[in-house]
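Engineer: Sharing a structure with you now.
The values are calculated or read from the model by the stated rules, or taken from the named source; none is laboratory data. Keep in mind it's a predicted model, so treat the numbers as computed, not measured. Note: ideal-geometry Cβ built from the backbone for every residue, glycine included; neighbour counts use all protein chains shown. Keep in mind that these areas ignore ligands, DNA and RNA; they rest on the heavy atoms of the full protein, side chains included. Shrake-Rupley method; radii C 1.70, N 1.55, O 1.52, S 1.80 Å.
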Amino acid sequence: MKRSIVVFVVILILCIPSAVAAQGSPEGQIEGQVKIEPNGEGDVSDLEATITWFIGAKIETSYGTRTNDDGTFSFSNLPTDPDYTYFVSVHYGDSEFHSSPITFESGENIKSVEITVFPFDSGEDDNLEYLFAAFAIVWVVIFGYVLFLQQRQKRLRHDIETLKTLIKEND
Amino acid sequence: MKIRGSLRNNTLLGLGFALMMISLYLMFIYVPTEKGMGIIQRIFYFHVPLAWVAFLAFFVVFITSILYLWKRDTKWDTLAHASAEIGVVFTTLVLITGPIWARPEWGSWWTWDARLTSSLILWLTYIAYLLVRSFAEEEEKGARFAAVIGIVGFINVPIVYLSVNLWRTQHPPELVSDLEGSMLLTLLVSITTFTILYCLLIMRNVSLKSGIAEVKRLRGLLEE
C-alpha cells in the first residue's frame, strides 16, 4: 500500500509540468514596432500601446505600456495557451490602430508584431496637391489667355497704324 | 465715349480684383472644410463658377447668333465669336478641374457618365464652331454656318445641366439649395467674380475682333 502511494505521488509529480504546459505558462512575450506612413517620418516614441486578450469571444484582460524612442514596445508574462488571442492597439493622433490577431503556437513564446499608423488627416493632405494643381491650372490658363489677347491687340494696333500710314502715302 | 469705356473697364477691373481677393479668402480660409470629401471639395468653389461662365458664354452665343441671322449685323457675329472663344476656354477648364477633383474622390480621372460625356460633347461642339469660322473660305459664309452651330449647339447646355437628374450619374447632383450658409456665400461670391471676369474678357475680345475686322477693311482699301 505504502509502495503504491509512493508510485502514485511520483507519477503525480511527473505529470505536473506537462499539466502546467498544457494550461499555457505565463512566459509569452509580444514584441512590437510602430511604423509611420506614408514616408516613415514622424515621432513614434511614447505612444500608448495596449494589449487585450480574449478566450473565445470573451475579453479576459487588457493593460498598457508606452513605446520607446524608436517606436518599439513589449508585453511579457503572457499566457501562451493557444486558446488565447491577443490584439495590440496603438493610440496615435486621435485614432487607434490595431494589430492582426496574435496567437502563440505550441512551443512558441515570442511573437513579433508591426503596427502601421498614419496621421488621421493624411488623406486630406494628400489631396492638397490636387487642389493646388486645379487652382494653378485655372489661373495659368486664364492669365495666359489674357496675355494672348493683349499681345494680339498690341500687334493689331501696330498693323492698323501701319496700314493707315500706307493708305495716306498712297493718297 | 472712349473715356467712358476706359472708366467702365477700369471699374470692372478694380471690382473684379477686389472680389477675386475676397473669393480667395472665402475659398481657402473662411469656408469650413466639407466633412465627407475633405479639402478637395474646395475645387467646387471654382469648378462650378467656371461651368456657370461657360453656360453664360454659350447662351450669349445662342442669342447673338439668332440676332446675326435675323439682322445680318456683324456686331452680333463679333460678339458671338468672342463669347464662343471664352466659352471654350472656360469649358476646357471645367474639363480639367473636374477630373482633378474626380481622381481622389472616384479613383479615376474620367468616367463616361452622362454629365462628363455631355460636357465633352459641348466642348467639341464649340471647338467645331471656332474651326468652321477659321477654315471658311468666305467670311460671311463661315459666320452663317457658325451661327447655326451656335444655335443648335446650345441645345446641349440644358442637357449638360439636367444630366445629373435625367440619368444615373457618378457626378453629384446639383445641391446648391442644400448648401450651408458660408458655403453658399462663398459660391455666390465666386460666381460673381468669374462673371465679372467674363465681362472683362468679352470686352477685350470684342475689341480685338473689331480690330481684326478693321485691319481687313484697311487691307482691302490698300489693295483697291
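Engineer: Please work out if B:L201 is facing chain A (nearest Cβ under 10 Å) and surrounded by fewer than 18 Cβ atoms within 10 Å (Cβ to Cβ). Give the derivation first.
Structural biologist: Details: facing chain A (nearest Cβ under 10 Å): yes; surrounded by fewer than 18 Cβ atoms within 10 Å (Cβ to Cβ): no.
Criteria not met by B:L201.
Engineer: Could you tell me which residue of the range A:45-56 is nearest to A:H91 (Cα to Cα), considering only residues that are assigned to a loop (DSSP other than H, G, I, E, B) and modelled with pLDDT of 85 or more?
Structural biologist: A:L47
Engineer: Here's another thing I want to ask about it. Please go through the range A:125-151 and give me each residue that is at the interface with chain B (Cβ under 9 Å from one of its Cβ atoms) and either within 32 Å of the chain's Cα centre (by Cα) or touching a residue at least 40 places away in the same chain (Cβ under 8 Å) (or both), ordered by number.
Structural biologist: Passing the criteria: A:D125, A:D126, A:N127, A:L128, A:Y130, A:L131, A:A133, A:A134, A:F135.
Engineer: Also, quick follow-up: Could you tell me which of the residues B:R103, B:R133, B:R144 is open to solvent by 30 Å² or more (accessible area, probe 1.4 Å), within 14 Å of chain A (Cβ to nearest Cβ) and basic (K, R)? Talk me through it step by step, then tell me what you get.
Structural biologist: Values: B:R133 fails: within 14 Å of chain A (Cβ to nearest Cβ); B:R144 fails: within 14 Å of chain A (Cβ to nearest Cβ).
On inspection, the qualifying residue turns out to be B:R103.
Engineer: Filter the range B:58-86 for residues that are hydrophobic (A, V, I, L, M, F, W, C) and in contact with a Lys or Arg (Cβ under 8 Å, 6 or more places away or on another chain) and give the result. Steps first, answer last, please.
Structural biologist: Going residue by residue through the range B:58-86, those that are hydrophobic (A, V, I, L, M, F, W, C) are B:58-63, B:66-67, B:69-70, B:76, B:79-80, B:82, B:84, B:86.
If the condition is that a residue be hydrophobic (A, V, I, L, M, F, W, C) and in contact with a Lys or Arg (Cβ under 8 Å, 6 or more places away or on another chain), then B:L69, B:A82 are the ones that fit.
Engineer: Just the residues that are within 14 Å of A:R66 (Cα to Cα) and either touching a residue at least 60 places away in the same chain (Cβ under 8 Å) or more than 12 Å from the chain's Cα centre (by Cα) (or both), please, taken from the range A:85-96.
Structural biologist: A:V88
Engineer: Give the residues of the range B:63-80 that are in contact with a Leu (Cβ under 8 Å, 6 or more places away or on another chain) and open to solvent by less than 40 Å² (accessible area, probe 1.4 Å), sorted by residue number.
Structural biologist: Passing the criteria: only B:T64.
Quick grid of which residues meet (1) open to solvent by less than 80 Å² (accessible area, probe 1.4 Å); (2) in a loop (DSSP other than H, G, I, E, B); (3) modelled with pLDDT under 80; (4) polar (S, T, N, Q):
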residue: A:V6; (1), (2), (3), (4): no, no, yes, no
residue: A:V10; (1), (2), (3), (4): yes, no, yes, no
residue: A:G32; (1), (2), (3), (4): yes, no, no, no
residue: A:E41; (1), (2), (3), (4): no, yes, yes, no
residue: A:Y63; (1), (2), (3), (4): no, no, no, no
residue: A:S74; (1), (2), (3), (4): yes, no, no, yes
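Engineer: Given B:E180, B:E174, B:E224, which one is farther than 21 Å from B:M37 by Cβ, at pLDDT below 90 and surrounded by fewer than 16 Cβ atoms within 10 Å (Cβ to Cβ)? Break it down stepwise before answering.
Structural biologist: Numbers: B:E180 fails: farther than 21 Å from B:M37 by Cβ; B:E174 fails: farther than 21 Å from B:M37 by Cβ.
After ruling out the rest, the residue left standing is B:E224.
Engineer: Look through the range B:1-24, keep the residues that are under 25 Å from the mean Cα position of the chain (by Cα) and over 17 Å from B:L197 (Cβ atoms), and return whichever of them is most open to solvent (accessible area, probe 1.4 Å).
Structural biologist: From the range B:1-24, those under 25 Å from the mean Cα position of the chain (by Cα) are B:5-24; that's our starting set.
Applying the additional criterion that residues be over 17 Å from B:L197 (Cβ atoms) yields B:5-7.
Working: B:G5: 22, B:S6: 58, B:L7: 116 Å².
Once the filter is applied, the top-ranked residue is B:L7.
Engineer: Output the number of the condition that B:L12 fails; it satisfies all remaining conditions of (1) touching a Cys at 6+ places or on another chain (Cβ under 9 Å); (2) free of Cβ contacts under 8 Å to residues at least 12 places away in the same chain.
Structural biologist: All conditions are met except number (2).
Engineer: Next question. It is to be established whether one or more residues within the range A:125-136 are touching a Ser or Thr at 6+ places or on another chain (Cβ under 7 Å) and in a helix (DSSP H, G or I).
Structural biologist: Of the range A:125-136, the ones touching a Ser or Thr at 6+ places or on another chain (Cβ under 7 Å) are A:134.
Next, from what is left, pick out any that are in a helix (DSSP H, G or I): A:134.
The answer is yes; a qualifying residue exists.
Engineer: Now, a different point. Kindly indicate whether any position in the range B:63-71 is in a helix (DSSP H, G or I) and within 14 Å of chain A (Cβ to nearest Cβ). Please lay out each step first, then the result.
Structural biologist: Pass one, the range B:63-71, residues in a helix (DSSP H, G or I): B:63-71.
Filter once more, so that each one left must be within 14 Å of chain A (Cβ to nearest Cβ): none.
The answer is no, given that none of the residues of the range B:63-71 is in a helix (DSSP H, G or I) and within 14 Å of chain A (Cβ to nearest Cβ).
Engineer: Shifting gears a bit: Can you name every residue in the range A:152-166 that is over 16 Å from B:A213 (Cβ atoms) and within 7 Å of chain B (Cβ to nearest Cβ)?
Structural biologist: A:L166
Engineer: Can you report the number of residues in the range B:31-62 which are open to solvent by 10 Å² or more (accessible area, probe 1.4 Å) and outside any helix (DSSP H, G or I)?
Structural biologist: The total comes to 6.
Engineer: I'd like to check something: does the range B:151-164 contain any residue that is closer than 24 Å to B:T33 by Cβ, at pLDDT below 90 and more than 14 Å from chain A (Cβ to nearest Cβ)?
Structural biologist: Initially, the range B:151-164 is screened for residues closer than 24 Å to B:T33 by Cβ, giving B:164.
Now narrow it down to the ones that are at pLDDT below 90: B:164.
Next, from what is left, pick out any that are more than 14 Å from chain A (Cβ to nearest Cβ): B:164.
Looking for residues that are closer than 24 Å to B:T33 by Cβ, at pLDDT below 90 and more than 14 Å from chain A (Cβ to nearest Cβ), one finds at least one in the range B:151-164, hence yes.
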